Amino acid sequence: MEPTGGRRCGPRRMPRHLLRWRRIRTRVLRWTMTVGTLLSLTALAAVGPGRVPPAAAATPAAGLRPSDPGFPLQWGLANEGQAVFGQPGTPGADVGVLDAWILTRGAPTVTVAVIDSGVQLDHPDLEGAFWTNAAEAAGRPGRDDDGNGYVDDVHGFDFVHRDATLFDPADGEEHGTHIAGIIAARADNGEGVAGVAPGVKIMVLKVFDGRGETDTATVIEAIRYARRMGARIVNMSWGAPGPVDPALCRVIAQSPMLFVAAAGNEAQDLDVAPFYPASCEAPNLLAVAAAENRGLLPVFSNYGLEAVDVAAPGWSVLSTLPTRVERAGTGQEPDPIPRQPGLGRGTYGWMHGTSMATPFVTAAAALAASRYPWLTPEQLAQQVLSTAQPLPGLEGWVGTGAMVSAGNAVWAEAVAPPPFRDVTAGMALYDEILRAARLGLAQGYSATRFAPDEPVTRHQFAKLIVGAVERATRRPLPDRPPDGTPAPDFPDVDERDGNLGPHVLKAAVAGWIQGYPDGTFRPQRPITRQEAAIVVARALGLGEAPNPFVDVAGRFAGTVGAVARAGIMQGVRVRGVRYFYPHRSITRAEAAAVALRAHDAHPQGAAAR
């Protein structure tokens, strides 16, 4: 049985499968990749250099726990000190997904390219997880409908067999399927496990054959495909000690995508002995070491204060696997990966290595990209690194001395504001619009267009205020009444619409918004300034106050006065007289400022500042 001090980037296996560079006669550098796992469960308790940090206080799980039966075993997502193969963990030594999921589980517009082995597309816990090429999906089989040079590439492409099959049981495909599950296994479906970013989409780019080998030309072709087809982040859970073909590093550095690469399992200092592609000099690349459930660097993981950026859970990681098959024609026995039974219809098992750590960082970056879609690859890397969780057991081993934190990455303000071309420094609400965006409260129609003068609709404003309160309290608002009565059900609102519907439901359950007498909500109708003030007052519990505006009267005058007293909506002073313009639609610029002020005025939001 193999000890934990292995020598591979992927999950550990037999020596003949070690990752290595190999030159062939054509001088094309050739990669090899392992697709195995731990052979010794008793050896899992071995850890690398470093001291055991003092036990940290468990972080309250602010988000809702998913129904996936394997979630309690996923210490990398939520570490409460549970023992893994007999080794108790350190509470809080995890990536903080329960906190992250309060704000986002990942946007379907964020595509992650997994350049690896194939992936079992019909795994029950990966249903709906894959990027779809709409032109090919709606096209004719056997035809290159989108003209990109690849036929039937609906969910990606197999660059080994030159087809779009993506899953070849004879090739094993454990490695890619396991990585796909770490990133985006469906959460809360009562099946298997949960991915870190279950809402994002995976583009499957198969470059490794059944022996775990590929070459640089194939990898570069896959990278160019990912770029052309719109991938935002590329996961590279493979590599080998140097030297490296400089063409690969050049393609990475010149790409508009973020790359996340495994540091390798050589137990080597990469500052001295480079490991590629993790050691490529590129501002849009993150190199990832492994960490175990006590927040320590496992004995097998590569490290480097200069060459390795951050650590992530890479020891005893439970995720999706293909159904066990004989690898026909390869001379290999069925894989020895330890399975975890009883988790549902799919197959699940344990692996470890920096291959497993890498998708944790990839998924954290995908959540940050969902929250802050305008960030460049370099800024996205900075968002991930600047919010990583320092751990004593990692200090001195990786550049940040920290474990990646998906929770911190999405809760922290964005490292840079969006480059809105229509929000200029001369605008009255310029600073507040940009800060609201950096907090994730307000979003533009694109990275460059905010449309500050457009009116805000009723469901858009509900999303703004729900987001402001949830961010201030760090707790999700309930989507059903606590007394068990039926939740409001507006016939013109799709509560399953992940963008706006759930926020309308939460605001209605909280009693902040109401429908019309006919039972409708009329979500597309612009909300007036007075209606907006009423929602804010209810959300913050402001009560009533003297009304300072000459154009506000009636039963809500005190409510508007309370919002004004709180400094959230001030109106306009004209020749010494204050006007509120209650029946005018609130603009996107005004609504962003109101959401920001409501966040800051909330007692918990003010305390957090």
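Summary table below
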item	result
Selection count where residues are of a type in the set (S, T, N, Q) and in contact with a Lys or Arg (Cβ under 9 Å, 6 or more places away or on another chain), scope segment 257-296	2
Hits in segment 82-102 - residues which are of a type in the set (Gly, Ala, Ser) and crowded, with 24+ Cβ neighbours inside 10 Å	Ala93, Gly96, Ala100
Subset of segment 149-179 [among the hydrophobic types (A, V, I, L, M, F, W, C) and in a strand (DSSP E or B)]	Phe157
Close pairs from segment 90-119: first charged (D, E, K, R), partner at pLDDT below 95, Cβ under 6 Å, at least 6 apart	Asp99/Ala62
Hits in segment 483-510 - residues which are surrounded by fewer than 19 Cβ atoms within 10 Å (Cβ to Cβ) and among the β-branched types (Val, Ile, Thr)	Thr485, Val509
Whichever residue in segment 103-134 is of a type outside the set (A, V, I, L, M) and touching a Pro at 6+ places or on another chain (Cβ under 8 Å) and, among such residues, is most open to solvent (accessible area, probe 1.4 Å)	Thr109
The one condition in (1) under 21 Å from the mean Cα position of the chain (by Cα); (2) in a helix (DSSP H, G or I); (3) within 14 Å of Phe420 (Cα to Cα) that Lys463 fails to fulfil	(3)
His352, sole failed condition from (1) under 22 Å from Ala78 (Cβ atoms); (2) surrounded by fewer than 24 Cβ atoms within 10 Å (Cβ to Cβ); (3) at pLDDT below 95; (4) not small (Gly, Ala, Ser)	(2)
Filtered residues of segment 102-123 (kept if outside any loop (DSSP other than H, G, I, E, B) and modelled with pLDDT of 95 or more)	Thr111, Val112, Ala113, Val114, Ile115, Asp116
Residues being charged (D, E, K, R) and surrounded by fewer than 24 Cβ atoms within 10 Å (Cβ to Cβ) - total across segment 172-190	1
Residue that is over 18 Å from Val95 (Cβ atoms), open to solvent by 10 Å² or more (accessible area, probe 1.4 Å) and either touching a Lys or Arg at 6+ places or on another chain (Cβ under 9 Å) or among the small types (Gly, Ala, Ser) (or both), where the choices are Thr165, Thr214	Thr165
Considering residues of segment 135-154 that are hydrophobic (A, V, I, L, M, F, W, C) and closer than 18 Å to Lys206 by Cβ only, the residue surrounded by the fewest Cβ atoms within 10 Å (Cβ to Cβ)	Val151
Subset tally (residues that are farther than 30 Å from Asp309 by Cβ and β-branched (Val, Ile, Thr)) for segment 336-356	1
Qualifying residue in segment 470-482 (condition: over 22 Å from Val200 (Cα atoms), touching a Lys or Arg at 6+ places or on another chain (Cβ under 6 Å) and in contact (Cβ under 8 Å) with a residue 12 or more places away in the chain)	yes
Glu454 being touching a strand residue (DSSP E or B) at 6+ places or on another chain (Cβ under 7 Å) and acidic (Asp, Glu)	yes
Residue among Ala462, Ala447, Ala406, Ala412 that alone is of a type in the set (Gly, Ala, Ser), under 30 Å from Thr520 (Cα atoms) and in contact (Cβ under 8 Å) with a residue 12 or more places away in the chain	Ala462
Qualifying residue in segment 596-605 (condition: part of a loop (DSSP other than H, G, I, E, B), of a type outside the set (S, T, N, Q) and open to solvent by 10 Å² or more (accessible area, probe 1.4 Å))	yes
Boolean, Arg480 is open to solvent by 60 Å² or more (accessible area, probe 1.4 Å) and not in a loop (DSSP other than H, G, I, E, B)	no
Matching option when the condition is open to solvent by 10 Å² or more (accessible area, probe 1.4 Å), over 23 Å from Thr109 (Cβ atoms) and out of contact with any strand residue (DSSP E or B) (no Cβ under 6 Å at 6 or more places or on another chain), among Glu432, Glu413	Glu432
Cross-chain or 6+ apart pairs with Cβ under 7 Å, segment 338-358 first and farther than 13 Å from Val288 by Cα, then of a type in the set (Val, Ile, Thr) and outside any loop (DSSP other than H, G, I, E, B)	Arg339/Thr347; Gly346/Thr320; Tyr348/Thr320; Trp350/Val317; Met351/Val317; His352/Val317
Failed item, numbered, when Asp146 is tested on (1) among the acidic types (Asp, Glu); (2) part of a helix (DSSP H, G or I); (3) without any contact (Cβ under 8 Å) to a residue 40 or more places away in the chain	(2)
Boolean, Gln268 is farther than 30 Å from Gly81 by Cβ, open to solvent by 10 Å² or more (accessible area, probe 1.4 Å), among the polar types (S, T, N, Q) and within 24 Å of the chain's Cα centre (by Cα)	no
Pick from segment 511-560, criterion assigned to a loop (DSSP other than H, G, I, E, B) and β-branched (Val, Ile, Thr), ranking: surrounded by the most Cβ atoms within 10 Å (Cβ to Cβ)	Ile513
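For every residue, the table says whether it meets (1) under 23 Å from the mean Cα position of the chain (by Cα); (2) at pLDDT 95 or above.
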| position | (1), (2) |
| --- | --- |
| Ala135 | no, yes |
| Gly139 | no, yes |
| Gly156 | yes, yes |
| Pro169 | no, no |
| Ile183 | yes, yes |
| Gly192 | yes, yes |
| Gly199 | yes, yes |
| Met203 | yes, yes |
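Residue-wise test of (1) at pLDDT 95 or above; (2) part of a helix (DSSP H, G or I); (3) touching an Asp or Glu at 6+ places or on another chain (Cβ under 8 Å); (4) surrounded by fewer than 23 Cβ atoms within 10 Å (Cβ to Cβ).
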{"site": "Pro298", "(1), (2), (3), (4)": "yes, no, yes, no"}
{"site": "Ser319", "(1), (2), (3), (4)": "yes, no, no, no"}
{"site": "Pro336", "(1), (2), (3), (4)": "no, no, no, yes"}
{"site": "Arg345", "(1), (2), (3), (4)": "yes, no, yes, yes"}
{"site": "Ala366", "(1), (2), (3), (4)": "yes, yes, no, no"}
{"site": "Ala369", "(1), (2), (3), (4)": "yes, yes, no, no"}
{"site": "Leu385", "(1), (2), (3), (4)": "yes, yes, yes, yes"}
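The values are calculated or read from the model by the stated rules, or taken from the named source; none is laboratory data. This is a predicted model, so every value here is computed, not measured. Because the Cβ atoms are built from the backbone with ideal geometry, glycine has one as well, and the counts that use them run over all protein chains shown. In case anyone asks, the SASA skips ligands and DNA or RNA and just uses the protein heavy atoms, side chains included. Shrake-Rupley method; radii C 1.70, N 1.55, O 1.52, S 1.80 Å.
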